[in-house]
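Since every read-out is calculated from the coordinates, none of them should be taken as a lab result. Note that the structure is a prediction, hence the values are computed from the model and not measured. Using ideal geometry, Cβ is built from the backbone for each residue, glycine included, and neighbour counts are taken over all protein chains shown.
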Amino acid sequence: MSDASLLDFRFEAHGSPVPASEREAILADPGFGKVFTDHMAMIRYSTDRGWHDARIMPRGPIQMDPACAVLHYAQEIFEGMKAYRLPDGGTALFRPEANARRFRESAERMAMAPLPEELFLESIRALVRADKNWIPAMEGGALYIRPFMFASEVFLGVKPASEYLYMVIASPAGAYFKGGAPSVTLWVSEDYTRAAPGGTGAAKCGGNYAASLVAQAEAIREGCDQVVFLDAAERKYVEELGGMNLFFVFEDGSMITPPLGGTILPGITRDSILTLAKDAGIAVREEAYSLDQWRSDAESGKLRETFACGTAAVVTPVGTVKGDGFEFGIGNRGPGILTEQLRAKLVGIQRGEASDPHGWLERLD
Ligand SMILES: *Cc1c(COP(=O)(O)O)cnc(C)c1O
């Protein structure tokens with residue numbers, strides 16, 4: 001078996017990349033997740049050969065056998081991260097080693113071959129270097145990077161696959177919300193849960209998203225933007241959104257976020273905000289918080305702000321919460337003061353505009 005950490009990426013340049021003028025037009029208004037860069041990264045795994053055949057290659061379709069294991073039993077995981085354009089024109093990643101570790105942990109939970117963290121990092125660096133002209137320079141823009149891996153063995157038996165395909169694609173993204181984050185309305189799902197104790201809630205796997213979509217569709221039908229899930233055991237405690245973690249801010253300036261523990265995705269934005277809040281002397285507790293308490297604290301004014309956070313939208317204020325037969329507003333239903341301060345601090349570090357005391361930025365060039 002090859003020593004994965006010594007793998008070299010073979011570089012196959014795209015023969016006809018998107019012309020610069022067309023690329024610049026796309027980068028002026030890229031939207032989210034709709035257009036992709038010229039290249040992609042790929043590494044193969046088999047139990048016989050280990051990790052092999054590492055490549056940066058032209059982005060394009062892949063061939064798949066109809067009996068490919070992922071199409072039947074959903075062994076699939078992914079990551080979401082960003083590359084930023086720095087004020088001096090350089091390029092940086094934000095805490096990429098945290099994504100590498102989480103990707104390995106997701107693989108372990110899904111009984112997949114764990115990709116060595118250094119190989120994950122090399123694949124990201126190599127792809128971003130190849131496609132660095134695709135990083136939008138606009139305010140709030142970034143290159144969204146999507147590493148993913150799936151069971152590629154052609155076999156219908158139910159067992160962990162013996163072959164996997166790891167890939168990375170990248171997509172230029174504009175400001176997720178133009179003109180600053182508007183506050184969102186959440187729908188409390190009481191019929192559906194996202195993750196049960198002992199389940200896959202802490203793994204970043206496509207299956208969790210598949211399970212959340214019917215609840216998200218219900219939220220939209222009810223006139224809301226996003227669904228918020230309660231814990232599966234008691235249907236009492238607030239957990240997270242389909243793809244973002246939650247924070248609650250109180251009148252005394254303290255904060256609460258639901259504790260990790262297997263049913264909540266350990267967000268890197270969540271962890272960064274916990275650290276920034278502690279740096280700022282804010283008392284922040286990782287503590288279970290019930291829907292009933294949320295509602296009564298919002299109504300009494302004890303709760304001042306609520307925000308969701310994740311890589312794609314960074315920080316999103318929550319203005320209104322609705323559920324079956326109830327509705328409550330949070331603060332003045334607009335972005336709160338502490339929400340805005342923490343967002344500005346985090347974005348400042350990510351864009352290389354603020355000091356980076358924890359060494360979170362990795363500069364590529
Ligand atoms: C990815 C994700 C998050 C946010 O994680 P970040 O590392 O902050 O982007 C939160 N919840 C779920 C369910 C997720 O999949």
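The table for this structure:
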read-out	value
Taking the convex hull of Cα positions in segment 1-145, its mean projected area over all directions (nm²)	10.1
Dipole magnitude of segment 170-287 about its Cα centre (Cβ charges: Lys, Arg +1; Asp, Glu -1), debye to nearest 20	360
Choice from PRO172, PRO87, PRO30 showing the highest fluctuation, given a GNM over the chain with Cα pairs closer than 10 Å	PRO87
Debye intensity ratio in log₁₀ form over the Cα atoms of the chain, taken at each q of 0.08, 0.09, 0.10, 0.11 Å⁻¹	-0.42, -0.53, -0.66, -0.80
Convex hull of Cα atoms in segment 214-268, direction-averaged projection (nm²)	5.1
Dipole-positive endmost among ILE124, ALA69, PHE32 within segment 4-173 (Cβ charges, Cα centre)	PHE32
Equivalent ellipsoid dimensions for segment 184-350 as semi-axes, Å, which come from the Cα gyration tensor, largest first	23, 19, 15
Anchor LYS278: lysines whose Cα lies under 22 Å away (excluding residues fewer than 8 positions away in-chain)	LYS302, LYS345
Among PHE155, PHE36, PHE229, residue whose mean-square fluctuation peaks in a GNM of the chain (springs only between Cα atoms under 10 Å)	PHE155
Computed helical MRE - 222 nm, the chain, DSSP H runs ≥ 4 contributing -39500 (n - 2.57), nearest 500	-8000 deg cm²/dmol
Karplus-derived HN-Hα couplings along segment 104-121 (A = 6.51, B = -1.76, C = 1.60, θ = phi - 60°), whole Hz, x at Gly and Pro	5, 5, 4, 4, 4, 5, 9, 6, 9, 5, x, 6, x, 4, 5, 6, 4, 4
Packing rank of 292-304, 103-115, where each peptide gets the mean count of other beta carbons within 10 Å, highest leading	103-115, 292-304
Within the chain: Cβ-based charge dipole about Cα centre, in debye rounded to nearest 20 (Lys, Arg +1; Asp, Glu -1)	380
Amide H contacts under 5 Å for ASN245, placed H, 5+ residues apart	CYS309
Hz values of 3J(HN,Hα) by residue in segment 15-30 - Karplus curve (6.51, -1.76, 1.60), Gly and Pro given as x	x, 9, x, 4, x, 3, 5, 5, 4, 4, 5, 5, 5, 6, 7, x
Backbone HN-Hα couplings from phi across segment 161-171 [Karplus 6.51/-1.76/1.60, Hz, Gly and Pro as x]	5, 9, 9, 9, 10, 9, 9, 9, 10, 9, 9
Segment 225-256-segment 64-141 distance, computed between alpha-carbon centres (Å)	27
Cut-off under 5 Å, modelled amide H: who pairs with THR91 long-range	LEU86, LEU364, ASP365
Size of charge dipole - segment 1-136 - debye, nearest 20, with Cβ of Lys, Arg +1 and Asp, Glu -1, no other charges	220
Which of GLY90, GLN293, PHE307, positive extreme of dipole for the chain (C-beta unit charges)	GLY90
Among ALA232, VAL249, ALA211 - extreme Cα towards positive end, dipole of segment 199-271, charges at beta-carbon	ALA211
Long-range HN-HN contacts of SER189 with modeled amide H, under 5 Å	VAL228, LEU230
GNM top mover of LEU156, LEU143, LEU127 - the chain, alpha-carbon springs below 10 Å	LEU156
Crossing angle, helix 206-221 versus the chain [Cα axis fit, 0-90 degrees, rounded to tens]	40
